[in-house]
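Data block below; observations after.
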Amino acid sequence: IAAHDHQQKIVAALCSAPARVLGGNQLLKGRHYVCSGDLWQHCTDGIYIDKDVVHDGNLITGRGLGVTFDFAFYLASQLLRESHSAMVQAEHIYHPLNRALF
């Protein structure tokens with residue numbers, strides 16, 4: 001993960017992974033992130049943001065499993081470099097996508 005991050009490739013983490021995996025390996029490096037529950041209280045190198053999905057540079061984090069669709073659609077929009085296709089898919093499955101993510 002560190003090598004991937006160093007190459008500025010997208011690093012995406014959901015639920016406890018931002019705190020446990022990234023924070024546990026000092027990979028948050030002062031970046032904004034979100035994670036599940038109160039795990040953020042154990043991370044000393046990142047800046048916790050109380051949102052469902054947080055994007056900081058090449059790092060995209062999601063609060064937890066309850067925001068999996070929002071997280072996945074946001075990630076897809078970033079990988080595709082456009083949001084229209086993600087929005088079409090969200091509407092196709094009747095997901096009330098938070099359009100503020102895009």
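One residue is enough: does segment 4-27 have a residue meeting the conditions among the hydroxyl-bearing types (Ser, Thr, Tyr) and either within 30 Å of His84 (Cβ to Cβ) or touching an Asp or Glu at 6+ places or on another chain (Cβ under 7 Å) (or both)? The answer is no, given that none of the residues of segment 4-27 is among the hydroxyl-bearing types (Ser, Thr, Tyr) and either within 30 Å of His84 (Cβ to Cβ) or touching an Asp or Glu at 6+ places or on another chain (Cβ under 7 Å) (or both). Among the residues of segment 80-87, is there at least one that is over 14 Å from the mean Cα position of the chain (by Cα) and on the phi > 0 side of the Ramachandran plot? Yes; the residues of segment 80-87 include at least one that is over 14 Å from the mean Cα position of the chain (by Cα) and on the phi > 0 side of the Ramachandran plot. Looking across segment 1-36 at every residue that is in contact (Cβ under 8 Å) with a residue 24 or more places away in the chain and open to solvent by 60 Å² or more (accessible area, probe 1.4 Å), the one that is nearest to Arg63 (Cα to Cα) is identified as His32.
Of all the criteria given as (1) open to solvent by 60 Å² or more (accessible area, probe 1.4 Å); (2) under 18 Å from Asp5 (Cα atoms); (3) modelled with pLDDT of 95 or more, the one not satisfied by Lys51 is (2). Would you mind stating whether Lys29 is part of a loop (DSSP other than H, G, I, E, B) and within 19 Å of Phe73 (Cβ to Cβ)? Criteria not met by Lys29.
The values are calculated or read from the model by the stated rules, or taken from the named source; none is laboratory data. It should be emphasised that the depicted structure is a prediction, and the values quoted were computed from it without experimental measurement. Heads up, the Cβs are rebuilt from the backbone with ideal geometry, glycines too, and the neighbour counts pull from every protein chain shown. Surface accessibility is based on the protein's heavy atoms, side chains included, excluding ligands, DNA and RNA. Shrake-Rupley method; radii C 1.70, N 1.55, O 1.52, S 1.80 Å.
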